[in-house]
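**Student:** Input: one structure, supplied below.
The values are calculated or read from the model by the stated rules, or taken from the named source; none is laboratory data. Treat the numbers as computed from the prediction; the structure is a model and nothing was measured. FYI the Cβ positions are ideal-geometry reconstructions off the backbone, even for glycines, and counts take in every protein chain you see.
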Ligand code: NAD
């Protein structure tokens with residue numbers, strides 16, 4: 001995965017640009033850090049103020065200026081502008097202040113950025129494909145894919161975080177996700193490509209807005225939609241044969257269909273389904289380790305049976321089996337609820353939701369607990385009857401974990417594990433300070449969005465964020481270095497296990513079920529190695545030795561330092 005931009009501080013780049021043309025290439029521009037010699041060689045004399053800054057000083061300058069903005073969206077705009085101007089500086093800042101800026105370039109602030117995308121638009125990045133490009137998608141994609149692309153994140157933006165259909169504004173999500181691949185795993189930004197499949201929007205208010213930048217039609221559906229996806233996949237396979245394609249923020253039914261249709265045709269996965277499931281499993285594994293009760297002895301209630309919920313249920317089911325629960329007992333250990341309550345035999349599901357039948361409790365499990373389809377099968381009743389020890393929220397609905405429900409759970413369980421995973425912050429099923437207070441400080445809480453630490457009864461609990469960023473960069477890097485043909489479920493499972501085992505005792509003592517973000521690069525590297533080895537083990541990748549993977553990782557992982565520039 002060599003790039004024309006070199007690799008870290010050792011890279012050498014031959015540069016043909018001179019003067020201003022060099023200052024506007026974000027991967028080559030070093031702004032005030034151009035040395036006296038470089039200023040002379042590349043005809044930059046007089047185009048920059050006198051002082052030559054070190055990268056460190058530049059980082060502190062941009063950090064100070066961003067900190068002076070008190071509005072999160074303004075910080076986002078400032079960061080995007082920096083990314084467009086000087087990518088080394090952008091990534092150096094993100095890595096040095098990861099806990100400060102991840103919530104800006106990604107959830108929760110990126111949610112605001114998608115909603116206001118058309119108002120805050122500055123410079124284009126990535127590729128928009130619209131129905132107007134039908135029949136020419138390869139040609140259009142080639143406008144951007146005229147270099148070695150190894151990583152694509154594509155969205156149709158119908159289900160952005162918990163914010164629903166955001167149309168063309170959804171582009172902010174693949175851009176943010178790819179930035180996290182670079183921050184988290186060191187994949188060079190020039191190898192990445194964000195794509196918005198802008199097939200229209202059913203968000204009428206957005207579509208009718210004077211500033212809306214997207215394809216101003218209702219969403220394409222049915223066979224026409226499928227045809228665009230198919231043409232897009234074919235174009236990716238031809239133009240970027242070595243790329244990993246990550247499907248992002250599709251609405252549930254399309255997310256599942258597309259994943260199943262293409263996962264064995266091209267190297268691809270869906271982060272909302274598979275990445276979320278792995279990050280949830282990691283939290284559960286770290287949690288059961290923290291409280292010292294085997295997973296085999298837990299009961300799980302899962303609120304939400306959408307893209308995230310279904311993936312979580314599948315990974316947890318397999319984990320229960322590995323922990324020793326007999327296969328035919330697994331279903332009785334996980335109660336899954338959607339907006340109409342418990343998934344249980346006797347319920348009718350809408351068209352396209354047949355998958356819920358497989359997740360439903362047979363009456364033989366539900367009835368002895370007094371839970372019957374169409375009657376008392378809401379979360380509160382399920383918690384009272386089923387007495388879960390682990391409660392997970394992936395419903396996109398705020399404040400679903402009510403006081404009485406949480407208190408009931410805490411009556412039956414010494415150390416509840418409570419994970420309100422919905423994003424953004426405004427959609428979280430529960431607030432950590434309440435969850436910890438209602439359980440008298442006994443719960444381990446991990447959330448989808450970042451939350452401040454909580455002090456209860458003199459003890460401070462840090463709140464781990466079950467952020468997919470702990471999983472997808474490592475999985476992606478592992479799949480790429482292994483040259484895997486497929487990303488299997490087992491590769492996500494080993495990623496989850498590696499993540500859980502990376503949480504230190506000191507972190508657990510503080511209440512954290514995920515590692516501190518400052519260790520993200522090390523964690524992603526460990527995950528990448530485990531994932532690559534698993535790909536080989538499963539026969540979906542050629543088989544170099546583990547040592548070769550390590551050497552290859554050393555070679556490809558990019559550190560944001562200015563490369564050496566040579567005149568071409
Ligand atoms: P989705 O729309 O596919 O599914 C939502 C599910 O919640 C559906 O099954 C729906 O029936 C159910 N639901 C809606 N209202 C409900 C209610 N009142 N009670 C119970 N269930 C209800 O969405 P998704 O992709 O599965 O995402 C769900 C949430 O999970 C989002 O908020 C998303 O941000 C979050 N998420 C978090 C992470 C993470 O933290 N790592 C990752 C992915 C998704």
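**Student:** Taking the condition under 20 Å from the mean Cα position of the chain (by Cα) and surrounded by fewer than 16 Cβ atoms within 10 Å (Cβ to Cβ), does residue 99 pass?
**Tutor:** Considered against the rule, which asks whether it is under 20 Å from the mean Cα position of the chain (by Cα) and surrounded by fewer than 16 Cβ atoms within 10 Å (Cβ to Cβ), residue 99 comes out as yes.
**Student:** Could I ask something else about it? Examine the range 245-263 for a residue that is within 15 Å of the ligand (Cβ to nearest atom), under 22 Å from residue 387 (Cα atoms), more than 16 Å from the chain's Cα centre (by Cα) and free of Cβ contacts under 8 Å to residues at least 60 places away in the same chain, and state whether such a residue exists.
**Tutor:** no
**Student:** Would you check if there is a residue in the range 400-412 being farther than 19 Å from residue 456 by Cα, buried (at least 24 other Cβ atoms within 10 Å of the Cβ), touching a residue at least 40 places away in the same chain (Cβ under 8 Å) and in contact with a strand residue (DSSP E or B) (Cβ under 8 Å, 6 or more places away or on another chain)?
**Tutor:** Within the range 400-412, not a single residue is farther than 19 Å from residue 456 by Cα, buried (at least 24 other Cβ atoms within 10 Å of the Cβ), touching a residue at least 40 places away in the same chain (Cβ under 8 Å) and in contact with a strand residue (DSSP E or B) (Cβ under 8 Å, 6 or more places away or on another chain).
**Student:** Can I ask one more? Pick out the one residue from 129, 141 that is touching a strand residue (DSSP E or B) at 6+ places or on another chain (Cβ under 9 Å) and under 25 Å from residue 273 (Cα atoms).
**Tutor:** Checking each option against the conditions leaves just 129.
**Student:** Can you give me the number of residues within the range 151-171 that are assigned to a loop (DSSP other than H, G, I, E, B) and modelled with pLDDT of 95 or more?
**Tutor:** 5
**Student:** Among what's in the range 292-307 and is within 26 Å of residue 385 (Cβ to Cβ) and assigned to a helix (DSSP H, G or I), pick the residue that is nearest to the ligand (Cβ to nearest atom).
**Tutor:** Among those that are within 26 Å of residue 385 (Cβ to Cβ) and assigned to a helix (DSSP H, G or I), it is 295.
**Student:** Within the range 110-153, which residues are within 16 Å of the ligand (Cβ to nearest atom) and in contact with a helix residue (DSSP H, G or I) (Cβ under 7 Å, 6 or more places away or on another chain)?
**Tutor:** 110, 112, 113, 114, 115, 153 - these are the residues of the range 110-153 that are within 16 Å of the ligand (Cβ to nearest atom) and in contact with a helix residue (DSSP H, G or I) (Cβ under 7 Å, 6 or more places away or on another chain).
**Student:** Got a sec? Which helices (runs of 4 or more DSSP H) wholly within the range 206-291 have at least 3 residues that are at pLDDT below 95?
**Tutor:** By residue number, 252-262.
**Student:** Go through (1) in contact with a helix residue (DSSP H, G or I) (Cβ under 7 Å, 6 or more places away or on another chain); (2) near the ligand (Cβ under 10 Å from one of its atoms); (3) under 30 Å from residue 454 (Cβ atoms); (4) modelled with pLDDT of 95 or more for residue 393 and report which single condition fails.
**Tutor:** Of everything listed in (1) in contact with a helix residue (DSSP H, G or I) (Cβ under 7 Å, 6 or more places away or on another chain); (2) near the ligand (Cβ under 10 Å from one of its atoms); (3) under 30 Å from residue 454 (Cβ atoms); (4) modelled with pLDDT of 95 or more, residue 393 misses just condition (1).
**Student:** Taking the conditions exactly as written (within 18 Å of residue 124 (Cα to Cα) and touching a helix residue (DSSP H, G or I) at 6+ places or on another chain (Cβ under 6 Å)), does residue 80 satisfy them or not?
**Tutor:** no
**Student:** Can you name every residue in the range 156-169 that is more than 12 Å from the ligand (Cβ to nearest atom) and within 18 Å of residue 308 (Cα to Cα)?
**Tutor:** Selection gives 156, 157.
**Student:** At pLDDT 95 or above, in a loop (DSSP other than H, G, I, E, B) and either within 9 Å of the ligand (Cβ to nearest atom) or farther than 24 Å from residue 313 by Cβ (or both), is that true of residue 433?
**Tutor:** no
**Student:** In the range 324-350, what residues are surrounded by 12 or more Cβ atoms within 10 Å (Cβ to Cβ), within 30 Å of the chain's Cα centre (by Cα) and within 16 Å of the ligand (Cβ to nearest atom)?
**Tutor:** Within the range 324-350, 334, 335, 336, 337, 338, 340, 341, 342, 343, 349 qualify.
**Student:** Can I ask one more? Specify which of the listed residues (277, 255) is crowded, with 16+ Cβ neighbours inside 10 Å and closer than 22 Å to residue 168 by Cβ.
**Tutor:** 255
**Student:** Hey, among 474, 464, which residue is over 30 Å from residue 442 (Cβ atoms), crowded, with 24+ Cβ neighbours inside 10 Å and within 21 Å of the chain's Cα centre (by Cα)?
**Tutor:** Exactly one of 474, 464 is over 30 Å from residue 442 (Cβ atoms), crowded, with 24+ Cβ neighbours inside 10 Å and within 21 Å of the chain's Cα centre (by Cα), namely 474.
**Student:** All but one of (1) part of a helix (DSSP H, G or I); (2) within 20 Å of the chain's Cα centre (by Cα) hold for residue 107; which doesn't?
**Tutor:** Residue 107 satisfies all of (1) part of a helix (DSSP H, G or I); (2) within 20 Å of the chain's Cα centre (by Cα) except (1).
**Student:** Restricting attention to the range 361-385, which residues are under 29 Å from residue 513 (Cα atoms) and within 15 Å of the ligand (Cβ to nearest atom)?
**Tutor:** 378, 379, 380, 381, 382, 383
**Student:** Here's something else I'd like to know. In the list 458, 370, which residue meets the criterion of being without any contact (Cβ under 8 Å) to a residue 40 or more places away in the chain, out of contact with any strand residue (DSSP E or B) (no Cβ under 9 Å at 6 or more places or on another chain) and under 27 Å from residue 345 (Cα atoms)?
**Tutor:** 370
**Student:** Oh, and also: Given (1) out of contact with any helix residue (DSSP H, G or I) (no Cβ under 9 Å at 6 or more places or on another chain); (2) part of a helix (DSSP H, G or I); (3) over 26 Å from residue 242 (Cβ atoms), where does residue 174 come up short, assuming only one miss?
**Tutor:** Against the list (1) out of contact with any helix residue (DSSP H, G or I) (no Cβ under 9 Å at 6 or more places or on another chain); (2) part of a helix (DSSP H, G or I); (3) over 26 Å from residue 242 (Cβ atoms), residue 174 comes up short only on (3).
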